[in-house]
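Here is the structure we will look at.
The values are calculated or read from the model by the stated rules, or taken from the named source; none is laboratory data. Small disclaimer: the values here were computed from a predicted structure and weren't measured. Cβ placement follows ideal geometry from the backbone for every residue including glycine, while neighbour counts extend to all protein chains displayed.
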Amino acid sequence: MARRPKPIQMMTASQFEALFPDEEACSKYLVARRWPTGVHCPRCGNDKVHPVKTMPFKWQCYACTPNSGYRFSHIAGTIFENTNKPLRDWFRVTHLMLTSKKGMSALQIQRFMGFGSYGTAWGMCHKIRAALIAPEEKLGGIVEVDETYVGGKAANKHRSKRDGGSGGIGSGKIAVIGAIKRKGNVVLRVIENTDTATLDGFVNEAVSNKVSLLCTDEHSGYRNLGRKFPHEVIRKSGGDYVVGAVHTNTIEGFWSLMKRGVVGSFHKVSKKYMRLYVAEFQFRYNNRHNPDIFGTAIAGC
């Protein structure tokens, strides 16, 4: 059996410069990624559109408005619409965010790109993160489920901002639950609490009925999963961390990566925008073996 080639995580800086030397190259790339089977109207889906000869990267659709026609460009309906930044800047920011394993903060983006405003970098990053949100999927095979809490330690906060213990609901931290397939993808969600109804609801939406093994820790919220899934529990309180195929090491390894990114790159993430940061980490992890991760991201924008 031939060895699997080492995946290409991201194009290098020199490859980026060669692929996108100017704005026209970026526009052609976006058109090819957005409409791989041919340009169609973003409003009605009609594929019989007419290019505007005097205006590059603009088309006319007469199915929407037969009398006057609907004119659209390659950035219509994308996150690049109504922006005063060139596509090349958007592509560069996307490249930087995906190249860094732990993410890159808006302040770093601002400094690297030379933007005059932090708000510009912050807004661009959040729009890109929103475009990376993937549709829900069902995981099969051996799946691990675990929850974690993201936020600073209570001991490091000012006394007036300490609203609970060192972790868990009431500590001021943000609860995130995840399901991960061994050697596969991860599905994440920000949750309000870790009660049985919330955990059961997430597992039912993220895990396939054909799963061969579902591994969790001894959290009481998972106690009903055995009624529907082949559920096994690893009891860490008793000193067990791996019992045969039963463990949650894979999801815990992902939590470690995500938390190092939050602490090391972003430093602080508010609950309001946590879903966007979670989407970024999920997209990078699920496309870790994708040699065209950048193209996949642009296609979703």
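To keep it simple, each residue is scored yes or no on (1) free of Cβ contacts under 8 Å to residues at least 24 places away in the same chain; (2) of a type in the set (G, A, S); (3) assigned to a strand (DSSP E or B); (4) out of contact with any helix residue (DSSP H, G or I) (no Cβ under 8 Å at 6 or more places or on another chain).
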position: Q15; (1), (2), (3), (4): yes, no, no, yes
position: A18; (1), (2), (3), (4): yes, yes, no, yes
position: C26; (1), (2), (3), (4): no, no, no, no
position: R33; (1), (2), (3), (4): no, no, no, no
position: C41; (1), (2), (3), (4): no, no, no, yes
position: M55; (1), (2), (3), (4): yes, no, no, yes
position: Q60; (1), (2), (3), (4): yes, no, yes, yes
position: N67; (1), (2), (3), (4): yes, no, no, yes
position: R71; (1), (2), (3), (4): yes, no, yes, yes
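Can you tell me which residue within the range 120-141, out of those that are of a type in the set (G, A, S) and in contact with a strand residue (DSSP E or B) (Cβ under 9 Å, 6 or more places away or on another chain), is farthest from C301 (Cα to Cα)?
So the residue we want is G141.
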Problem - For V49: the one exception among (1) farther than 24 Å from I293 by Cβ; (2) at pLDDT below 90; (3) of a type in the set (V, I, T) - result: (2)
Problem - In the range 263-301, the residues that are part of a helix (DSSP H, G or I), more than 14 Å from the chain's Cα centre (by Cα) and over 29 Å from C26 (Cα atoms) - result: V263, G264, K271, K272
Completion exercise
Exactly one of K138, K85 is without any contact (Cβ under 8 Å) to a residue 60 or more places away in the chain, surrounded by fewer than 21 Cβ atoms within 10 Å (Cβ to Cβ) and touching a Ser or Thr at 6+ places or on another chain (Cβ under 9 Å), and that residue is K85
Practice task
Return only the number of the condition from (1) in the same structural domain as G123 (by TED's automatic domain parsing); (2) at pLDDT below 95; (3) of a type in the set (V, I, T) that T37 does not satisfy.
Solution key: (1)
Handout entry: Only listed residue being closer than 26 Å to R189 by Cα and not hydrophobic (A, V, I, L, M, F, W, C), chosen from S105, S73
Key = S105
Handout entry: Verdict on H289 being farther than 19 Å from T198 by Cα and either touching an Asp or Glu at 6+ places or on another chain (Cβ under 7 Å) or surrounded by fewer than 15 Cβ atoms within 10 Å (Cβ to Cβ) (or both)
Key = yes
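Please pick out the residue among T120, T78, T94 that is under 19 Å from the mean Cα position of the chain (by Cα), more than 24 Å from M258 (Cα to Cα) and touching a residue at least 24 places away in the same chain (Cβ under 8 Å).
Working: T120 fails: under 19 Å from the mean Cα position of the chain (by Cα); T94 fails: more than 24 Å from M258 (Cα to Cα).
Exactly one residue qualifies, and that residue is T78.
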